[in-house]
Structure formats: C-alpha cells, structure tokens
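Below is one structure, written out as structure tokens; comments come after it.
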Amino acid sequence: MKTINKVLILLVTIGVAAIAAFALSAPAVQNSDQIKIDDTVQLGVTSITEPVILQKNPGQISYKGHVQVSILRADTGVREVVADKDNLITNGGLAFISQKLNAQDVNASNRTLAISLADIGTAPLATWTILSGEKTTLGFTRNTTGTYTSTATGQYTVNATWVATGTMNNINTTGLHWNNLSNSDGNLFAALQFSNQSLLINDILQCNWSISIS
C-alpha cells in the first residue's frame, strides 16, 4: 500500500511540474492583443472601429451670396435697411457657374450684373427660373447698370439703385440675372426675399450683392 501511495504522489508531482512548465513557456497576453480583441466587439449595431476622417474635396466649389436692401426715404432723409441676409442660388445658377468653368459660354454680355425687383408671396425656390411679378414701372425696371467690383480672389460685389417716380407697393424680392431683359426667363442666378416694402416718389432703393465663390 505504501508503495502505491508513493507512486501516486510521484505522478501528481510530475503532472503539476509539467503544467507549470507549459504555463511558463506560453506567450503572455499583451495589451495590444487585448486592444485588437476589443476593436471587434459590437455594441448593439455599432462596432468599435478606427475613426473615419472626412475631408473636403479640394475641387469642390461653394457659393455664398449676401444681399443688403435699403431705402432712403425722401421725406425724412433717413436710410432704412430692410434686408441684410444670405440669398438662395437656383439650380440654373449652379448650371451657369458650371458652364462658365467649362468655358462653354464666354460671352461677356452674359455677366451677372442685372438686378430685378418683384412682388412674390413665397420664399425663393432652387427651381425658380424667373421672378414672377417682376416690377417694370415707376422707376423699378430691371437694373442693367449694376456696378461690378472685384473685392478679392473669387469675390465680387454688384450694386444697383432705383429712384421711385411714384408710389410703389409690395416690393419683397430681388433677383440677380445674366440677362438685361425684364421678365425674361431662364437667367435667374440667385434670389432673395425680404419684408414687404412700399416706396413713395423720390425714395431710393439700393441692392448690394456680395458674391463669394471658393
């Protein structure tokens, strides 16, 4: 019996020693391995992955137009700013830029210098191609003598002025065009709506468009 016990003790000792040796020879789990495992863990429908960095395409072009509309009241001599905010570019305006960049239209007479005024009850839409209700009387015909000024690379201003020759009610929209003909369609570059304005004789309305293309 004593001999059997000694054999069992010897076998157990050898087994423990073998397990210890195997443990010492096995590679330890490194922190980097644990990180790799964590990277594949899913939380609900969201996986832990490397962050995705979105960069702006250097070839992209953005447009921003700002319009200020003011009225110089003849009876008080006070200039009143009735709008000073960004405008909306139309789909036609975007196509116009594309055509210019591709040299499909190099006609200088098509420069966006003409400015219109209108009575429209809704905010501009990108699908507009014309300002319905464009003013054509009492000194408010489409202004074709807008002053172009280059202010920086890709930036310019266009200014136009109207003098009322009579009472004109409900002016609330202005448009920038590449065609001088009043009420002409298919040349609306951008548009802006502002609050309804009524002008008396000799009141002066001025629009200052500031364009930035980058």
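The order of Arg142, Arg111, going from fewest to most other C-beta atoms within 10 Å of their C-beta, is Arg111, Arg142.
Using 0.36 nm times the number of residues separating Thr129 and Asn202, minus their current alpha carbon distance, what extension gain do you get?
Values: separation 73, 0.36 × 73 = 26.28 nm, distance 3.09 nm.
Net length gain for the segment: 23.2 nm.
Near Arg73: Cβ cut-off under 13 Å, other residues only, Lys/Arg at +1 and Asp/Glu at -1. The net charge is -2. Applying 1/(1 + (r/R0)^6) with R0 = 22 Å to the Cβ-Cβ distance of Ala74 and Thr145 gives a FRET efficiency near 0.55. What the phi angles of segment 169-176 give under the Karplus curve with 6.51, -1.76 and 1.60, with θ = phi - 60°, is a coupling list of 9, 6, 8, 9, 9, 10, x, 10 Hz, glycine and proline written as x.
Placing +1 on each Lys and Arg Cβ and -1 on each Asp and Glu Cβ, with no other charges, gives segment 63-213 a dipole about its Cα centre of roughly 240 debye.
Readers should treat all values here as calculations from the given coordinates under stated rules, not as data from a laboratory. Computed from a predicted structure; not experimentally measured. A quick note on method: Cβ atoms are made from the backbone with ideal geometry, for glycine too, and the neighbour counts reach across all protein chains shown.
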